[in-house]
Structures are given as structure tokens and as C-alpha cells.
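The values are calculated or read from the model by the stated rules, or taken from the named source; none is laboratory data. Everything numeric here is computed off the predicted structure, so don't read it as measured data. Cβ: placed from backbone, ideal geometry, glycine included. Neighbour counts: every protein chain shown.
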Amino acid sequence: MLVIVDPPGNVPIFLAVTRQLTAKERHRAAYLAIATAFLIIILFAVGGQTILDYLHVSVPAMQVAGGLLLLLVALQLLYGKGGDDGYVEATPEQRLSIAMVPLGTPLLAGPGAIVATIVFFRQTDSAGEWFTVMLGTFTALFISMIALRFSGLVQRIVRPTGVILLARVAGMILAAVAVQMIANGVTELVHTGIDKT
């Protein structure tokens, strides 16, 4: 779970997405993103496969959807959409909504984490194993919270100009991650379609 959630890899993206927030808002965004990710992972841990079956949605389709959502965020980071004026006029709630989407999901609780959660909980045979998976998930998200909470130290080092550069680099990395997610999802959908025929 720690590798899938990838706390160090999310720090530059977090800084880029929250670069217009104050330090206090950024801290709140970190906590809200982790809380959102934890709730989504727990939801899918308890009834993930049931939810997907009820909605007739496959895991590859979720991957493609998550990839498209991340691609939109990546394009905003690359081209600097949503500048200072938009953030100043927005309410604090609107400014912090980025903590839930795209930070909480699909960045932290993305298709990879959701699928891993469903698979891990499907393999548990006892309460002890279930608790171990829960503890592993909690640990991964706790480390992510520490990384995001203290990401301001990185911002102090690289300064505002460095954060803008970081935003562009993070946009490119996020675009690559998004395209890979879409490609994996489409490939899986094609294989599933071939297997059924």
C-alpha cells in the first residue's frame, strides 16, 4: 500500500495543486485529502466489489475514469489555468475542495489503491488478517499525511518561482501517470472483451 500510495511522489503534485493556498489552508487540505482517501479506501474495503457489481462498472473502467480526471488536473498544472484571481474570489470551501478531488481521490485513493484494497480484503480469512490489512492501509496514509503536512518545508526551500517550475514538472509527471492509467485500463478492457468472446 505504501508503494501504491507513494507519499514522496505526491509531495510535488500536492505543492503544485495547493500553491495558491495559504499555509493554514494547505495544512487543512493535507488532512482533508488523507481523510477523503481513508474513507474511500474503507468504503471499498467493506463493499467495493459489491458496489462495482451493482453499478455494472469494471475496475478497468474506473482506471480509465481516474486517468482522465488526473489528465485534466495535469493540463491545468502545465498551462497554469486557475490563476490567482480565480483563487482569491473563491470561498475557502471551494479553495479546499481540491483536497478531496483530485488529491484525496484519484491521487491518493486511486484505482490502484482501490483495487489493491479489494484484493487484500478478499484474501483475508480471519479478523487478525483483516486488522493487519487495515493497519497497513492506515500506516501508508499516515506516512502520506506527514509528507503532505510538512511539504511546506520544500516550498520554503524552492521559493515561489521554484514552486511554479515544480508545478510544470508535476504536471508532466501527472500527465504521464494519467496516460499510463488510461492505457492500462483500455488494455484490460480489450482483454476482457476478447476473453468474453
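Which number in (1) closer than 24 Å to Phe14 by Cβ; (2) among the aliphatic types (A, V, I, L, M); (3) loosely packed, with under 15 Cβ neighbours inside 10 Å; (4) at pLDDT 85 or above marks the one condition that Ala127 misses?
(1)
Checking Ile13 against (1) at pLDDT 85 or above; (2) surrounded by 14 or more Cβ atoms within 10 Å (Cβ to Cβ); (3) farther than 25 Å from Ile118 by Cα, which test does it fail?
Result: Ile13 fails condition (1) only.
For Gln20, work out the one condition from (1) polar (S, T, N, Q); (2) in a helix (DSSP H, G or I); (3) buried (at least 16 other Cβ atoms within 10 Å of the Cβ) it doesn't fulfil.
Only one criterion in (1) polar (S, T, N, Q); (2) in a helix (DSSP H, G or I); (3) buried (at least 16 other Cβ atoms within 10 Å of the Cβ) is unmet by Gln20, namely (2).
Please state which one of Leu72, Leu78, Leu107, Leu32 is among the hydrophobic types (A, V, I, L, M, F, W, C), more than 15 Å from the chain's Cα centre (by Cα) and either at pLDDT 80 or above or outside any helix (DSSP H, G or I) (or both).
Answer to the selection: Leu78.
Among Asp84, Asp53, which is the only one that is modelled with pLDDT of 80 or more, at negative phi and surrounded by fewer than 14 Cβ atoms within 10 Å (Cβ to Cβ)?
Matching residue, one of Asp84, Asp53: Asp53.
Return a yes/no flag: does the stretch 181-189 have any residue that is under 22 Å from Arg28 (Cβ atoms) and surrounded by 13 or more Cβ atoms within 10 Å (Cβ to Cβ).
no
Which residue out of Leu189, Leu148 is touching a helix residue (DSSP H, G or I) at 6+ places or on another chain (Cβ under 6 Å), modelled with pLDDT of 80 or more, in a helix (DSSP H, G or I) and more than 17 Å from Gly66 (Cα to Cα)?
Step by step, each of Leu189, Leu148 is checked, and only Leu148 is touching a helix residue (DSSP H, G or I) at 6+ places or on another chain (Cβ under 6 Å), modelled with pLDDT of 80 or more, in a helix (DSSP H, G or I) and more than 17 Å from Gly66 (Cα to Cα).
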